[in-house]
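This report concerns only the one structure given below.
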């Protein structure tokens, strides 16, 4: 972290665009604010925008603004966040979640500085705003799969700050515990065993997860002396069985995909409900779609069959992934990346056989006399 802050102090006084990477919860937004506070723009606005929290249909208006009547609900002109950041800093968090179209618009702004609100006939203003971006995804991997523009990556990565995960800086755990307690306002003392358990845990949620655990203890601990038995069960796991966030997501997508194509899971009954309940993210759904397109050579109709859905669900599925920004371009998976021709029919036959066996088992249960 000292190295990160040294680099932040070095790039702060200039106007260089900064890319901050690191896992979710490591404090990328705090580093962005730190860079802003060290710049000549510190007295001007720091304007954050979470690109993953705003739907694609609204993100353009959020960044560039819109004019009255440009779309349904646009009852008045609105100034975008980029224009609000004029003279200051715009912080684009989760920039890796931007759609290809928004990437083009952002690239145009970075090259010209011009702002053209939604519905306007021509650019309205030029904006002087420093751009700091952050992401928990590997943008170079996204570039390799054509999910992120290479020219945009070169534009935003003039200075690169990587914030290490908490498990790689365990010496920060004690001061972070004390900082959280000071903020909450309760005095707690931790036994040596409790501190060792917290330092051993892998913290997949990083600083955000640590703060959550300490706040729980501050409100729910039976006494001011915290022993290892008072800690949440997951933090008492010795050796840190938790995976890194990126590895955990990849493993989850692999497991869901295996269960889905084997017929053990239904897309609409299980995957769909997991997504609506926020147990899985748009990234997880995209990974499922990518794996399906890889297996089917970029054929969405074959993907429907692969996932065990009837052909009549084709439009419903496309509408779902489009509405929730989970659609993946099929062109990247056509041609040489497609599997052997026999792969999809074999999977479809296996699914049909599996479903037929389940039907027979159900019929047998129906005909079996009661005990």
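A short reminder: the numbers here are calculations on the coordinates, not readings from a lab. Source: prediction; values computed, not measured. So basically every Cβ, Gly included, is an ideal-geometry build from the backbone, and we count neighbours across all protein chains shown.
With neighbour counts taken as other beta-carbon atoms within 10 Å, the residues 203, 268, 219 rank, fewest first, as 219, 268, 203. Counting other Cβ atoms within 10 Å as a rough exposure proxy, the listed residues 152, 7, 106 run 7, 152, 106 from fewest neighbours to most. In plain terms, the residue of 145, 296, 21 with the fewest other Cβ atoms within 10 Å comes first and the most crowded comes last, giving 145, 21, 296. Spatially, region 11-47 and region 257-321 are offset by 38 Å when compared through their Cα centroids. Within the listed set 144, 42, 16, the Gaussian network model of the chain (springs between alpha-carbon atoms below 10 Å) gives the highest mean-square fluctuation for 144.
Of interest is the spacing of the C-alpha centroids, which for region 48-99 and region 144-214 amounts to 29 Å. Size of the chain from its Cα atoms: along the principal axes, largest to smallest, the extents are 77, 65, 42 Å.
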